[in-house]
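Only one structure is covered here, and it is reproduced in the block below.
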Amino acid sequence: IARFSGTHQTSPIHISDSSTGTGATPVSPSVTTTIDGCMIWRSCTIRPAAQTITGMPSGYDSRWNFAVGGSASGHRNGMATTTQTSAGATSTASFTTSTAENWTSATIAIAPPDAPPSGDTRRFIIS
């Protein structure tokens with residue numbers, strides 16, 4: 001579970017999309033934002049948990065990379081974020097894994113507050 005602060009109060013999720021596949025390079029899909037300053041949240045889940053996520057998307061801040069459940073029956077999840085200054089299409093973003101496995105990936109654009117206070121840099125807080 002991730003908690004985000006500094007988001008839009010009534011509509012924090014601006015737009016999202018997901019993808020699935022098999023391979024060693026899970027790809028989070030592109031989304032198109034219509035507002036400036038969204039936090040772009042990327043996640044990747046692979047099975048089994050014994051595999052590792054060896055690389056986060058380039059230019060993103062790594063937020064976590066952990067395993068849940070047993071090494072054979074569990075899964076591993078990675079999360080990374082960045083801020084998109086101007087509205088528009090994001091590119092796709094790739095994670096890398098230790099071996100080719102089934103994966104699920106998501107992109108979520110988290111909206112900033114409607115009217116940030118003067119001088120606010122629209123920084124989001126993740127806890």
Taking the full set of protein chains and a 1.4 angstrom probe, give the accessible area of residue 114 in square angstrom, rounded to the nearest 10. 120 Å²
Which value in nm describes the separation of the simple spin-label points at residue 17 and residue 71, placed 7 Å from the Cα toward the beta carbon? 3.7 nm
Inverting the mean 1/r over all pairs of different Cα atoms, compute the Kirkwood radius of segment 1-69 and quote it in Å. 14.4 Å
What number do you get for the chain when its Cα radius of gyration is normalised by 2.2 N^0.38 Å, N = residues? 1.10
Quick one: what Rg and Dmax do you get for segment 51-105 from the alpha carbons, in Å? 13.1, 42
Signed unit charges on C-beta, dipole axis of the chain, positive-most listed residue 68, 9, 20: 68
How big is segment 31-81 on each of its three principal axes, counting only the C-alpha atoms and giving the largest first in Å? 42, 17, 13
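The values are calculated or read from the model by the stated rules, or taken from the named source; none is laboratory data. Computed from a prediction, not measured in an experiment: that's the story for all the values here. All Cβ positions, even for glycine, are placed from backbone atoms using ideal geometry, and neighbour counts span all protein chains on display. To get the accessible areas, we keep the full protein, side chains included, count just its heavy atoms, and leave off ligands, DNA and RNA. Shrake-Rupley method; radii C 1.70, N 1.55, O 1.52, S 1.80 Å.
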